[in-house]
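The values are calculated or read from the model by the stated rules, or taken from the named source; none is laboratory data. Since we're looking at a predicted model, the values are computed, not measured. Positions of Cβ are generated from backbone atoms using ideal geometry, with glycine treated the same way; all protein chains shown enter the neighbour counts.
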Amino acid sequence: MLQQTRVAVVRDRYADFLRRFPSVEQLAAAKLADVLAAWSGLGYYRRARALHAAAQQLVQQGGFPRTDEDWASLPGIGRYTAAAIASIAFEQRRAVVDGNVERVLCRLFAISEQDTWGAARELLSPGRPGDFNQAMMELGATVCLPKVPLCAKCPVLAWCRTRGTGPSRRSSVRRKQPVAYRLAVCNRNVFLVLRENRRSLMPGMWELPQTRHGAGKPTLRLRHAITNTDYDVSVYLARTANGARGRWVNLDKVERLPLTGLTQKILRRLNFIQ
């Protein structure tokens with residue numbers, strides 16, 4: 001959940017997710033739609049699909065891996081996550097490099113991003129690799145900040161070659177895009193459509209039907225960001241489904257479906273759900 005998502009957003013959702021799926025076995029046995037519904041609003045739904053697939057693989061294997069190589073064989077587990085689990089949970093001597101650690105190492109040694117994994121391995125504490133890795137991540141998250149690093153509070157300031165200046169990273173160009181949706185509500189039922197499985201973003205999720213032209217003024221306008229795109233969203237009230245292929249869902253049960261984060265945001269802004 002913490003991949004690409006802030007701690008403040010994840011904290012409560014993590015607890016709710018564990019209450020719903022308290023064991024790997026229960027997660028593996030759950031329907032994918034239920035897992036996506038529990039994940040709804042966190043975004044990057046590939047993570048939820050991979051987590052569900054990984055749980056099923058673990059149940060088939062009969063237990064958890066212990067080495068980073070075996071962890072990396074699971075769906076959704078990459079180099080960083082595998083090394084983090086192996087070092088923190090099993091005290092394996094594996095260095096980790098996430099965005100925060102990368103920034104610390106680049107500034108500390110005045111090196112490029114390509115050289116950070118080698119530097120992390122050389123710097124790693126052999127006796128307490130898990131604690132060391134977490135300390136490096138915390139240093140980047142709380143002191144060696146991206147824009148205004150708190151150099152005066154840094155415990156390794158004396159060894160830092162850049163003192164927080166470092167080469168600036170090129171920021172990704174964000175796109176802006178308008179999008180409009182039709183909101184049809186009748187007798188406490190809302191009309192939703194299913195995103196096709198071939199869609200690159202949020203396949204298999206439920207959302208309001210999109211429209212090219214709305215009638216009159218939008219009942220709601222808001223902004224929503226997904227990956228590198230900022231959407232200017234307009235929502236128009238409608239009386240019927242207008243021929244769209246989808247289903248009517250009772251508003252009291254709508255959150256049981258895997259809704260897109262934007263759909264949740266719209267329904268909450270209009271007080272249809274809590």
(request) Within segment 157-177, track down each residue that is over 30 Å from Asp232 (Cα atoms), exposed (fewer than 13 other Cβ atoms within 10 Å of the Cβ) and at pLDDT 90 or above. (result) Ala158, Trp159, Arg161
(request) Of the numbered conditions (1) at negative phi; (2) in contact with a Cys (Cβ under 6 Å, 6 or more places away or on another chain), Arg223 fails exactly one; give the number of that condition. (result) (2)
(request) Hey, could you check segment 36-54 for residues that are free of Cβ contacts under 8 Å to residues at least 40 places away in the same chain, of a type in the set (A, V, I, L, M, F, W, C) and within 21 Å of Leu257 (Cβ to Cβ) and say which is surrounded by the fewest Cβ atoms within 10 Å (Cβ to Cβ)? (result) Ala50
(message) Looking at (1) in contact (Cβ under 8 Å) with a residue 40 or more places away in the chain; (2) under 30 Å from Phe132 (Cβ atoms), which one does Val254 not meet, given that it meets all the others?
(response) (2)
(message) Residues to consider are Arg163, Arg239; find the one that is touching a strand residue (DSSP E or B) at 6+ places or on another chain (Cβ under 7 Å) and basic (Lys, Arg).
(response) Arg239
(request) Answer with yes or no whether Ala225 is assigned to a loop (DSSP other than H, G, I, E, B) and either modelled with pLDDT of 95 or more or small (Gly, Ala, Ser) (or both). (result) no
(message) Step by step: first the residues of segment 76-88, then only those that are of a type outside the set (A, V, I, L, M) and in a loop (DSSP other than H, G, I, E, B), then the one that is nearest to Asn100 (Cα to Cα). Which residue is that?
(response) Gly78
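Condition check: at pLDDT 95 or above and surrounded by 14 or more Cβ atoms within 10 Å (Cβ to Cβ). Does Ala28 satisfy that?
yes
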(message) Show the residue pairs meeting these rules: Cβ distance below 8 Å; 6+ apart or different chains; first residue within segment 107-121 and of a type in the set (Phe, Trp, Tyr); second residue in a loop (DSSP other than H, G, I, E, B).
(response) Phe109/Arg161; Trp117/Ala95; Trp117/Val97
(message) Take Arg245 and tell me if it is of a type in the set (Lys, Arg) and under 18 Å from Gly41 (Cβ atoms).
(response) no
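Please enumerate the residues belonging to segment 240-272 that are of a type in the set (Val, Ile, Thr) and over 14 Å from Leu220 (Cβ atoms). Full working, then the answer.
Of segment 240-272, the ones of a type in the set (Val, Ile, Thr) are 240, 249, 254, 260, 263, 266.
Listed by number, the residues that qualify are Thr240, Val249, Val254, Thr260.
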(message) I want to confirm something. Restricting to segment 239-263 and keeping residues that are surrounded by fewer than 17 Cβ atoms within 10 Å (Cβ to Cβ) and among the polar types (S, T, N, Q), which single residue is nearest to Trp206 (Cα to Cα)?
(response) Asn250
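Here's the yes/no breakdown for (1) assigned to a helix (DSSP H, G or I); (2) of a type in the set (Gly, Ala, Ser):
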{"position": "Gln60", "(1), (2)": "yes, no"}
{"position": "Leu74", "(1), (2)": "no, no"}
{"position": "Val97", "(1), (2)": "no, no"}
{"position": "Arg107", "(1), (2)": "yes, no"}
{"position": "Ala120", "(1), (2)": "yes, yes"}
{"position": "Leu139", "(1), (2)": "yes, no"}
{"position": "Cys144", "(1), (2)": "no, no"}
{"position": "Lys147", "(1), (2)": "no, no"}
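What residue, of Gly261, Gly243, is within 21 Å of Arg20 (Cα to Cα) and small (Gly, Ala, Ser)? It would help to see each step written out before you state the result.
Numbers: Gly243 fails: within 21 Å of Arg20 (Cα to Cα).
From the options Gly261, Gly243, the qualifying one is Gly261.
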